[in-house]
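Structure, as C-alpha cells:
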Amino acid sequence: MSTTTRPSMTEAEFKRLADIIYQRSGIHFPENKRYVLESRLGHRLAELEIDNYTQYIAFLTMGPYQTDEFQEMFNRITINETSFFRNEPQLEVFEKQVLPLLLEARARTKRLRLWSAACSSGEEPYTLAIMLERTLGVRLGDWRIEILATDISAKVLKAAQEGVYTNYALRSTNPLILQRYFQAMPAGAYRIRPDIAQMVRFEQHNLKDRLAARRHGTFDVIFCRNVMIYFDDGMKKQVAQMFSETLADDGYLFIGHSESLRGLNDTLEPTPIPRAFCYRKRGAELKKAA
Ligand SMILES: C[S@@+](CC[C@H](N)C(=O)[O-])C[C@H]1O[C@@H](n2cnc3c(N)ncnc32)[C@H](O)[C@@H]1O
C-alpha cells in the first residue's frame, strides 16, 4: 500500500471501531467524528501495511498482537492536552482552602493520598506535588504523602516519568516556581526537580476498570479533569460511581471546568465553593477555611 494515500473508513467500519473503542475505554466517538479516527489511525494502517479498516479491526481484535495494538491505538486516539497549573483558580481552591482542612483532619495519621486520574504527561500530578511541598515546607518529611498518577496511554506515562518539559507545558507557570522547582536543560527544556518527581507514582490505569481502581484503595483527593468530556453519560456514570467508592468519606473530587456530574450520581454533590468544580460525598462536613 502506498504511504501517501490513506484508506477511508466506511460507515460500517466506523461503527464497529467506535463500538470497540467505547467498550474498551468509554471514549465516545459520535458519527460526525469519523474523520478524527481516520486522521489519527491512517498513519498506523500505513505503518502496518494494512489496506483497509476491516483488516485493521481484525488485526486489533484477533491474534497475539491484540494487547499491543490496543495500546498503540489508545496512544494515537487520546487527546493529551495539559499544562502545569492548568485552571489556576481551581488549584488555588485546592491549595488554600481544601488542603489546610485536610492536613488538619489528617494531623494524627499524617497520611494523605491523592489520585490524578487521566494525568496525561504528568503536569497535573507534579503541580499537586509542588503545591504540597510549598504548603508543608520542612514538615513534608513528617508526612506520608502518596500521589498516584494514572492514564490509559503508556506513551504519555513514559513522558511523565521522564519529567522533561518544554516552555509550552510551562506556559501558565510563574517564573519563580520555574526557578525553584525545575532544572534548566539544553534546548530550552526543563526537568522537574527529582525530589518533587519522587512524590508521584505513575501507573497505567483505564478508568473503565473499576476493580483495578478499588485495588488502589481510598483517596483523600481525586483530580479527574478534562477526560470526561470524551465520555458519554453511561461511562460518566460508571466513573462517578467508581469515584464515590474510592473517595474518602470526607474527601474531595475535582473535575474539569466544563464537566459536570449532575444527575449521574446520588452520592456525590457539588461543593458551593466558587470556581472549585469540586464534589464531595453527600453529608460530608463542609467546614470553612480558617
Ligand atoms: C486532555 S488530557 C487531561 C490531562 C489532565 N487531567 C488535565 O486536565 O490537564 C485527557 C487524558 O485522559 C486520558 N484518557 C482517556 N480515556 C481514558 C480512560 N478510559 N482511562 C484513563 N485515561 C484516559 C488520555 O490518555 C489523556 O491523557
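The values are calculated or read from the model by the stated rules, or taken from the named source; none is laboratory data. All figures in this text were calculated on a predicted structure; none of them were measured in a lab. In this analysis, Cβ positions are derived from the backbone assuming ideal geometry, glycine residues included, and neighbour counts consider all displayed protein chains. SASA here: full protein model, heavy atoms, side chains in, ligands and nucleic acids out. Shrake-Rupley method; radii C 1.70, N 1.55, O 1.52, S 1.80 Å.
General observations
- Per-residue ellipticity at 222 nm, computed for the chain from helices alone with -39500 (n - 2.57) per DSSP H run of at least four residues, works out to -11500 deg cm²/dmol.
- The stretch 11-77: relative contact order in percent, alpha carbon pairs under 8 Å with at least 6 residues between: 27
- Degrees, to the nearest 10: 66-77 long Cα axis against longest axis of the chain: 70
- Relative contact order, whole percent, for the chain stands at 18, derived from Cα pairs under 8 Å and 6 or more residues apart.
- Solvent exposure of the chain amounts to 49 Å² per residue of accessible area, where only protein heavy atoms count and the probe is 1.4 Å.
- Within the accessible surface of the stretch 64-170, defined with a 1.4 Å probe on protein heavy atoms only, the carbon and sulfur portion equals 49 percent.
- Eligible lysines near residue 15 by straight Cα distance, threshold 18 Å, same-chain separation 8 or greater: 33
- Angle between the chain longest axis and helix 123-136 axis [Cα atoms, degrees, rounded to 10]: 10
- Database remark: amide H of residue 271 closer than 5 angstrom to the amide H of 278, 279, 280 (H placed geometrically; neighbours at sequence offset of 5 or more, or on other chains; Pro and chain starts carry no H).
- Under Karplus coefficients 6.51, -1.76 and 1.60, residue-wise ³J(HN,Hα) of the stretch 229-237 in Hz, glycine/proline x: 5, 8, 9, 8, 4, x, 6, 4, 4
- C-alpha center-to-center spacing [the stretch 226-241, the stretch 72-130] in angstrom: 19
- The stretch 149-208: chymotrypsin sites (Phe, Trp or Tyr not before Pro) in DSSP loop, at most 13 other beta carbons within 10 Å: 168
- Solvent-accessible area assigned to carbon and sulfur over the stretch 176-225 amounts to 52 percent, based on a 1.4 Å probe.
- Angle in degrees between helix 34-48 and the longest Cα principal axis of the chain, rounded to the nearest 10: 70
- Candidates 244, 39, 260: whichever shows maximal mean-square fluctuation once the chain is modelled as a Gaussian network with Cα springs under 10 Å: 39
- Between residue 252 and 221, 222, the built amide H atoms are under 5 Å apart, and every one of these is 5 or more places off in sequence or on another chain.
- Per-residue surface analysis assigns residue 218 an accessible area of about 70 Å², computed on protein heavy atoms at 1.4 Å probe radius.
- Karplus (6.51, -1.76, 1.60) ³J(HN,Hα), θ = phi - 60°, over the stretch 264-281, in Hz, Gly and Pro reported as x: 9, 8, 7, 7, 9, 10, x, 7, x, 5, x, 6, 8, 6, 10, 10, 9, 6
- Pairwise centroid distance, computed over Cα atoms, of the stretch 1-53 with the stretch 191-219, Å: 30
- The stretch 105-111 - phi-based ³J(HN,Hα) in whole Hz, Karplus 6.51/-1.76/1.60, Gly and Pro as x: 5, 9, 4, 7, 7, 6, 10
- Contact order for the stretch 74-193, expressed relative to its length and based on alpha carbon pairs under 8 Å spaced 6+ residues apart, stands at 31 percent.
- Loop-resident GluC sites (Glu not before Pro) (DSSP state other than H, G, I, E or B) in the stretch 16-87 with no more than 10 further Cβ atoms inside 10 Å of their Cβ: 49, 81.
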